[in-house]
Amino acid sequence: MSRGLVWAGGTEAAVRDVPALEPRDGWVRVDVAVAGLCGSDLHVLAGEHVRARPGIVLGHEFAGRLAEATTDLPAGTPVFVDPQVRCGRCDACRRGLRTVCAALTAVGIDYPGAASPQTLVPVENVYALPPSLELTRAGLVEPVAVAVRAVRRSGLGPGDRVHVVGAGPIGCLVGLVAQRAGADVTVAEPAPARADAAAALGLRTVDPADRRPEHDVVLDATGTPRVSASVCDWVRPGGTLVVVGAYPPQPPPFDLLRVMFAELTVLGTRIYDHEDIHAAIELLDRDPGRVPDVVTRTVPLADAVAAVADLRAGRAMKILLDPKE
Ligand SMILES: [Zn+2]
Ligand SMILES: [Zn+2]
């Protein structure tokens, strides 16, 4: 019997014994080296995720080693795992739009996740990692891939004035990836601790109330209806707004008149595809810059519930779990 961090129902996180993994055709066991906790996990733990069921083992941002061989890779290979499971049959999947599958599910939400020493994943979701990339650092591939895709879809280029709204882990990673792409980046964040953390990462923070329509590209990493009403105020006429954060299902207020008057381009970005994952692995392996500094600390599984409390209270940016300990 092994242990895992689970959603115990209600708003309770618990570390407890978890059921043995049932083998599935086309899936492979992975020994987890590191699993990151993020806002989506907090969402599940708040009972707000529509698909998650109590008892689910969390952990969808992870890296580890194959516990058994696949057709292509020997046991022990260091791997990143794309946690998203696509149906392969819906209209989006048939069009190759892998990020918007109509029946998207995920390891760590719908299937037992990586906040436990071992997990089970689709073989096709496994990416062999370069031996030079430390596995702990590879725990950031998933959120970095989100940022890479957001920046790529934004179309921003060197010298562009880019503004990121929200300095959570994704906002900070988007800012850092945009900086590396040569953009002149500012970040707005009302929570002082988060603004300080962004500044410590080398991001230039500005007053969230001082919204100037001067930015070629604005990336909204908040998902907060309070922000959406005025987020277009940051975008220059003819500029682009990218919706990165997940908003609640109830449509939030949004300035469509300004979209029309100022001919703004508004686009969405969701998770990542192969090229984003490959780019994130390369970034972390070859030239990570300040990206690894988004990690506040790495903790053993025994401290996972305390880690969740710190994330809920905004006392930490990104916490990684080592589920073997
Ligand atoms: Zn996540
Ligand atoms: Zn599909």
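The values are calculated or read from the model by the stated rules, or taken from the named source; none is laboratory data. Since the model is a prediction, treat every value here as computed from it, not as a measurement. Quick reminder, even Gly has a Cβ in these numbers, built from the backbone with ideal geometry, and neighbours come from all protein chains shown.
Identify all residues within region 276-288 that are surrounded by fewer than 21 Cβ atoms within 10 Å (Cβ to Cβ) and at pLDDT 95 or above; write none if there are none. Don't jump to the end; show me each part of the working.
Taking region 276-288 and keeping what is surrounded by fewer than 21 Cβ atoms within 10 Å (Cβ to Cβ), we get 278-279, 282, 285-288.
Across region 276-288, the qualifying residues are HIS278, ALA279, GLU282, ASP285, ARG286, PRO288.
Results for (1) polar (S, T, N, Q); (2) surrounded by fewer than 17 Cβ atoms within 10 Å (Cβ to Cβ), shown as yes or no for each residue.
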| residue | (1), (2) |
| --- | --- |
| GLY64 | no, no |
| GLN84 | yes, no |
| ARG94 | no, yes |
| ARG98 | no, no |
| LEU104 | no, no |
| ASP110 | no, no |
| SER116 | yes, no |
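Could you please tell me which pairs satisfy a Cβ distance under 9 Å, a separation of 6+ or placement on different chains, a first residue in region 124-140 that is without any contact (Cβ under 8 Å) to a residue 40 or more places away in the chain, and a second residue that is surrounded by 15 or more Cβ atoms within 10 Å (Cβ to Cβ) and aliphatic (A, V, I, L, M)?
Every condition considered, the pairs that remain are GLU134/LEU284.
Return the total of residues in region 30-64 being of a type in the set (Val, Ile, Thr) and either assigned to a loop (DSSP other than H, G, I, E, B) or within 16 Å of ligand 2 (Cβ to nearest atom) (or both).
So the count comes out to 2.
Out of PRO158, PRO190, PRO213, report the one residue that is assigned by TED's automatic domain parsing to the domain that holds GLN250 and under 22 Å from ALA313 (Cβ atoms).
Result: PRO190 is the single residue among PRO158, PRO190, PRO213 that is assigned by TED's automatic domain parsing to the domain that holds GLN250 and under 22 Å from ALA313 (Cβ atoms).
Tell me, which residue of region 15-72 that is within 16 Å of ligand 1 (Cβ to nearest atom) and among the acidic types (Asp, Glu) is nearest to GLN250 (Cα to Cα)?
GLU48
Within 16 Å of ligand 2 (Cβ to nearest atom), out of contact with any Leu (no Cβ under 7 Å at 6 or more places or on another chain) and not in a strand (DSSP E or B): does that describe GLY9?
No, not satisfied.
Can you tell me how many residues in region 92-142 are part of a helix (DSSP H, G or I) and within 16 Å of ligand 2 (Cβ to nearest atom)?
Final tally of qualifying residues: 8.
Residues GLY59, GLY55, GLY26: which one is at pLDDT 95 or above, crowded, with 16+ Cβ neighbours inside 10 Å and at positive phi?
GLY59
Quick one: is ARG258 in contact (Cβ under 8 Å) with a residue 24 or more places away in the chain, in contact with a Cys (Cβ under 6 Å, 6 or more places away or on another chain) and more than 13 Å from VAL165 (Cβ to Cβ)?
Against the criterion (in contact (Cβ under 8 Å) with a residue 24 or more places away in the chain, in contact with a Cys (Cβ under 6 Å, 6 or more places away or on another chain) and more than 13 Å from VAL165 (Cβ to Cβ)), ARG258 qualifies.
Counting only residues that are of a type outside the set (A, V, I, L, M, F, W, C) and under 16 Å from ALA114 (Cβ atoms), which one in region 25-52 is farthest from the chain's Cα centre (by Cα)?
It comes out as ARG29.
Can you tell me how many residues in region 6-28 are under 26 Å from GLU124 (Cβ atoms) and in contact with a strand residue (DSSP E or B) (Cβ under 7 Å, 6 or more places away or on another chain)?
First, pick out the residues of region 6-28 that are under 26 Å from GLU124 (Cβ atoms): 18-28.
Going one step further and asking which of them are in contact with a strand residue (DSSP E or B) (Cβ under 7 Å, 6 or more places away or on another chain), we end up with 18, 21, 24, 26-28.
Final tally of qualifying residues: 6.
What number of residues within region 32-48 are buried (at least 18 other Cβ atoms within 10 Å of the Cβ) and more than 14 Å from GLU142 (Cβ to Cβ)?
So the count comes out to 2.
Write out, first by first residue and then by second, each pair whose Cβ atoms fall under 8 Å of each other, whose residues are 6+ apart or on separate chains, and whose first residue, in region 191-208, is without any contact (Cβ under 8 Å) to a residue 60 or more places away in the chain while the second is surrounded by fewer than 18 Cβ atoms within 10 Å (Cβ to Cβ) and assigned to a helix (DSSP H, G or I).
Between residues of region 191-208 that are without any contact (Cβ under 8 Å) to a residue 60 or more places away in the chain and residues that are surrounded by fewer than 18 Cβ atoms within 10 Å (Cβ to Cβ) and assigned to a helix (DSSP H, G or I), the close pairs are THR205/ALA199.
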